[in-house]
Structure formats: structure tokens, C-alpha cells
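Inspection log for the structure reproduced underneath, given as C-alpha cells.
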Amino acid sequence: MFSEATPPPALLDAGALDDLVTHLDLARDAVVRAFAAADRPFSGTTPTAAATAVRGVDLDAPLGDPAATLAEVSALYLDHAVWFHHPHYQAHLNCPVALPAVMADVVASAVNSSMDTWDQSGAATAMERHLVDWTARRLGLPSGADGVFTSGGTQSNLQALLLARDEARARGARLEDLVVVTSPHAHFSARTAAGLLGLVPDAVVETEVDEHDRMHTGDLDRLLADLTAAGRTVAAVVATAGTTDLGVVDPLPSVGRTCRRHGVWLHVDAAYGGGLLTSRRRRHLLTGTERADSVTVDFHKTFFQPVAASALLVADRRTLRHATHHAAYLNPEAESVSQLPNQVDKSLQTTRRFDALKLWCTLRVLGADRLGELLDATVDLAAEARTALVADPDFEVVDGTPLSTVVFRWEAPGVDPLVLDRVNTAARDELVASGLAAVARTTYRGRTWLKLTLLNPATTLADVRHVVDLVRDHAATALHAETARGTADLGVVA
Ligand SMILES: *Cc1c(COP(=O)(O)O)cnc(C)c1O
């Protein structure tokens, strides 16, 4: 000890264990208080109000005290966070998180393993690899399969298309000839990836869809032949198992057969639908993934994991070599030869969290079947909600899909569809601004629709009805306002 007034330890080590416990207790109390107080999904604060409060904090004047800091964080953040566990949050692909995963995240942050090399992770690397193997086996991929955890579906898709691009180039294709074929409902990250990977601006080609909005296999077959005849090389077909908006699962078996016949890489984006791997009732919906060359699975959606946790799986581990770069200080070539397990050899990231520990603890405490039951409950609820909306004359509803989204739109007889677009948008904006509930908005067949994404097994049909009634009220009010404004515009106000 250098002086009587030594400040409390700043860093976590064996001498700071009492302080660690103090910090964990404070965190626990703050989280418990915040969850107990969250009586709606959102406070309804505005971006301006939030930014003003946040900018009032002088980051150069530390509080010097964890309790005071958490009190400040509670007022700035926890009071104005968006609560995905609240039954009236029904907007996006966010889930309430599995309890064992929260426990795991504390451990992972404290230990701070980095997954890039064996010498920064030790057994964590073996655990991540075991989970990759587990996922690949559930997908039905062959024994040569492999993969790596990533930060999300966007990154998994980017890496998949990078591997596909470099496989095509290794077979002699020119970069400017490469195309990627998707359905119009594929996630936008496929387009982003094509751009990042240096493909030409028109490189993403969309197939027709069938009457259920699934990739049309006959059209895919025709496109693959036409593109080849035109001198293009198809680097990959991206099929989706659970489209973000509608929850559509493309016909994976026939898409897979078509890709095989044309010798084209098949990537299955199962960012949303991947959780079906745990469902005993719905696992069959992923039949066909066993023929994929690569698959994206987001654990932070339908596996109830905290952000971030995703994986890219490949059928042939050798294709991962396209992501390999050797650095003398990190993963020298000699270590590949000696087969030290350096995950950076397979990853687009270098320093990387041990996100796999969340999934590990979840599977060890709850088990996959339990996760599948939780997911099944949300899919069942979506079907019930859709039936209820179909029976409701105030709403139009898009046909059902195998996942947990419901796309609908408030209707009123004789009203111009363009006005209805605006009214539905206004209803959604008002709802979100009130903080009382959250639904999403999207476009489908040229019109504006609202969307429920149901990923909370605790949400009931009564909760959905409550949210739908709020939409109805806001929409009726918005139409009234439109009509009044329209009358005023025409100058016929009495
Ligand atoms: C969510 C989603 C993505 C993007 O995943 P992130 O984890 O948000 O990066 C990609 N594809 C589909 C089908 C998705 O639903």
C-alpha cells in the first residue's frame, strides 16, 4: 500500500473480489428494479428529450461511485429503454432472454476471453466448436461441416457470400460476372454484402415468388439457365427460412435440388427460422437445409439469446479457408500446420466475445426441447391472432406462414388505399409514441401494412387483442383527422 487513501480498485483481479460482489449486487438491484417498474414497453420519450438528457452528462467529470452511476444510468437509460419482455411489445424480431444466458453473459464479461486464438480463449474455443457441431448436426449438414459464431445474421450472410464468391473465383469466374440470386423477400443484408464484396451493381437478381410468397423454383431454374447463357456466373442462391417480414420459408428441398443441378452454392438464411431446429413439432419445416452449402442461424432471435449471438455454418469446412489470413503475431501459418484451434482462421472478426457461453448455459439448464416449446407457443399464438384478425371486419390480413409474424392493415370501406396507407402509418407512429405498445410497419404489394412479430411466449391472445384495439382507435382518429384536413383543403369548412 502506497498511502492511507488508496482509491478502491478499478480493475477486476483477485484483490478486487469484494468490490466485484458490490458491483454485481448493484447491477442486480438495478435490473430487478427496472423490470419490476416496466409497466409498458416504452416510456414514450422523444429522441430530442433523450438526447438532451444524455448530453447533460459531463463525461470528463466522473461520479467516482458505482451506485451513483447506476442511479444516473437508471434515469437516463433504464427508465427509457424498450422492453422486449413486455407482452405489449410485438414489433420486431426481439425476444425476451433466457435466464441462464444472462447468467452466462456476466461470466463471459468478467473473464473476457477472446475467441480469436486458442492462446486467448483456452477451453472456450472447444465449447464454441462443440456448439457449432451441435448446430450443424441439427441442420443435418454432412460430417465435414464447420462454422463460427458471428455478431448477427448480417455478418453471417456477408461471410457466406464471401465464401461463395471466392469459391466461384477459385473456379475461374471473373468478379464482374458474378451474380447472387434471391427472392424479393430476402433480407437486405444480401444486397449489402454483394456491394461490400465488390460485385457489380446489378449483381442481385430476384426470382418470382409463388402464391405463398415463396421463391418460385421453376423461375429459379429458368433464371440460373438464362444467367449462365448470358455469360454470368451465379455465385450463390440465397434462400430464406423465415423471411423477416412475412415469416415465409422458401421451398428448401426443391431449391436445393435446383442448385445442385446447376452446380450453384446454396445459402440458407435461417436467421429467423433457425430456432425451429429446437421444435419437435416444427423441425420438419427446415428440411432441405441439409443440402445447403452454408446456413445462417441467429441465436439472438428464436433461441431467446441476448444480443449478440449468431453463427454461420458451412457444409464443407475447407471453404472457410477463404476467410483465413495469417498474422505472424497472432495465428502464424505454422500453427495451422500444428492444428492449434484458432477460430480467427474462420472468422471475419478478430477480437470476439465468448457469445457461445450464453447458448451453452441455456442448453445445459433448459435444454433444446424447452426452447422449442417456447418458440412453438409464439407460432401458435400468431396463428390464433391471425384467425382473430381475419374475423374482424376492420382489418385485412396477409395469409399465414409457418413462423410468428402477423401482417395486417386497418381498413375502412370506400376509403382511398393511399389514405389508408397514411392512416396505418399514423396509427403505428402514435402507438409507438405513447409507449403503450409496439408494432412494426412494412410495405407489401405496394401498400403499407402493420406487423406483429410475436416472440414472447408470455404474450396471450388477450394481449394481442389489446394492442390491436389500440391500433384500431388510433387509426380511426387518424382517418378522422385526414377527413377533416381534406375538407379544409377543399375550402368547404362551414
Ligand atoms: C434478422 C435477419 C437478418 C439480420 O440479422 P441481424 O442479426 O439483425 O444482423 C438476416 N436475415 C434474416 C432473414 C433476418 O430475419
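The values are calculated or read from the model by the stated rules, or taken from the named source; none is laboratory data. If you're wondering where the values come from, they're calculated on a predicted model, not measured in any experiment. So basically every Cβ, Gly included, is an ideal-geometry build from the backbone, and we count neighbours across all protein chains shown. Side chains included, ligands, DNA and RNA excluded: accessible areas come from the protein's heavy atoms. Shrake-Rupley method; radii C 1.70, N 1.55, O 1.52, S 1.80 Å.
Return the total of residues in the stretch 378-401 being surrounded by fewer than 19 Cβ atoms within 10 Å (Cβ to Cβ), assigned to a loop (DSSP other than H, G, I, E, B) and in contact (Cβ under 8 Å) with a residue 60 or more places away in the chain. Adding up the residues that qualify gives 3.
All but one of (1) surrounded by fewer than 19 Cβ atoms within 10 Å (Cβ to Cβ); (2) within 21 Å of the chain's Cα centre (by Cα) hold for residue 270; state the number of the condition that does not hold. In the conditions (1) surrounded by fewer than 19 Cβ atoms within 10 Å (Cβ to Cβ); (2) within 21 Å of the chain's Cα centre (by Cα), residue 270 misses (1) alone.
Here the condition is being crowded, with 22+ Cβ neighbours inside 10 Å, among the hydroxyl-bearing types (Ser, Thr, Tyr) and not assigned by TED's automatic domain parsing to the domain that holds residue 273; of 453, 443, 425, 448, it holds for 453 alone.
Pairing residues of the stretch 458-479 that are assigned by TED's automatic domain parsing to the domain that holds residue 411 with residues that are of a type in the set (Phe, Trp, Tyr) and surrounded by 15 or more Cβ atoms within 10 Å (Cβ to Cβ), at Cβ distances under 7 Å and at least 6 apart in sequence or on separate chains, gives 471/410; 472/410; 475/410.
Report yes if residue 271 is within 16 Å of the ligand (Cβ to nearest atom) and either within 26 Å of residue 367 (Cβ to Cβ) or not polar (S, T, N, Q) (or both), otherwise no. Spelling it out, residue 271 is indeed within 16 Å of the ligand (Cβ to nearest atom) and either within 26 Å of residue 367 (Cβ to Cβ) or not polar (S, T, N, Q) (or both).
So which residues in the stretch 320-349 are on the phi > 0 side of the Ramachandran plot and surrounded by 14 or more Cβ atoms within 10 Å (Cβ to Cβ)? Within the stretch 320-349, none qualify.
Number of residues in the stretch 209-220 that are more than 16 Å from the ligand (Cβ to nearest atom) and in contact with a Ser or Thr (Cβ under 6 Å, 6 or more places away or on another chain): the value is 4. In the stretch 182-206, the qualifying residues are those that are among the β-branched types (Val, Ile, Thr) and more than 16 Å from the ligand (Cβ to nearest atom), and the one that is surrounded by the most Cβ atoms within 10 Å (Cβ to Cβ) is 205. If you go through the stretch 303-318 and keep only what is more than 14 Å from the ligand (Cβ to nearest atom) and open to solvent by 10 Å² or more (accessible area, probe 1.4 Å), you end up with 315, 316, 317, 318. All conditions but one from (1) aliphatic (A, V, I, L, M); (2) touching a strand residue (DSSP E or B) at 6+ places or on another chain (Cβ under 9 Å); (3) free of Cβ contacts under 8 Å to residues at least 24 places away in the same chain apply to residue 82; the one that does not is (3).
Only a single criterion out of (1) without any contact (Cβ under 8 Å) to a residue 12 or more places away in the chain; (2) more than 24 Å from residue 456 (Cα to Cα); (3) surrounded by fewer than 17 Cβ atoms within 10 Å (Cβ to Cβ) is not satisfied by residue 120, namely (3). Note on the stretch 350-373: residues that are among the polar types (S, T, N, Q) and either surrounded by 17 or more Cβ atoms within 10 Å (Cβ to Cβ) or in contact with a Cys (Cβ under 7 Å, 6 or more places away or on another chain) (or both) total 1. When residue 409 is tested against (1) outside any helix (DSSP H, G or I); (2) open to solvent by less than 40 Å² (accessible area, probe 1.4 Å); (3) within 30 Å of residue 372 (Cβ to Cβ), just one condition goes unmet, and that condition is (3).
Annotation note: of 70, 11, the sole residue that is of a type outside the set (Val, Ile, Thr), touching a helix residue (DSSP H, G or I) at 6+ places or on another chain (Cβ under 8 Å) and modelled with pLDDT of 95 or more is 70. Scanning the stretch 140-154 for residues that are crowded, with 22+ Cβ neighbours inside 10 Å and within 16 Å of the ligand (Cβ to nearest atom) yields 147, 148, 149, 150, 153.
Every condition in (1) part of a loop (DSSP other than H, G, I, E, B); (2) under 22 Å from the mean Cα position of the chain (by Cα); (3) β-branched (Val, Ile, Thr) is met by residue 442 except one, and the failing one is (1). Does residue 261 meet the test of being open to solvent by 10 Å² or more (accessible area, probe 1.4 Å) and touching a Leu at 6+ places or on another chain (Cβ under 8 Å)? Against the criterion (open to solvent by 10 Å² or more (accessible area, probe 1.4 Å) and touching a Leu at 6+ places or on another chain (Cβ under 8 Å)), residue 261 does not qualify. In the stretch 395-436, the residue that is farthest from residue 248 (Cα to Cα) out of those that are modelled with pLDDT under 95 and touching a helix residue (DSSP H, G or I) at 6+ places or on another chain (Cβ under 6 Å) is 400. Taking the stretch 229-247 as the region of interest, how many residues are within 10 Å of the ligand (Cβ to nearest atom) and open to solvent by less than 10 Å² (accessible area, probe 1.4 Å)? Final tally of qualifying residues: 6. Residue 126 fulfils the conditions (1) crowded, with 24+ Cβ neighbours inside 10 Å; (2) away from the ligand (no atom under 16 Å from the Cβ); (3) hydrophobic (A, V, I, L, M, F, W, C) except for a single criterion, (1). So, residue 107, is that one surrounded by fewer than 18 Cβ atoms within 10 Å (Cβ to Cβ) and within 19 Å of residue 305 (Cα to Cα) or not? Answer is yes for this residue.
Residues that are away from the ligand (no atom under 15 Å from the Cβ) and in contact with a Pro (Cβ under 8 Å, 6 or more places away or on another chain) within the stretch 274-289 comprise 282, 287, 288, listed in sequence order.
Residue check: is residue 223 crowded, with 20+ Cβ neighbours inside 10 Å, over 30 Å from residue 397 (Cα atoms), more than 14 Å from the ligand (Cβ to nearest atom) and assigned by TED's automatic domain parsing to the domain that holds residue 286? Criteria met by residue 223.
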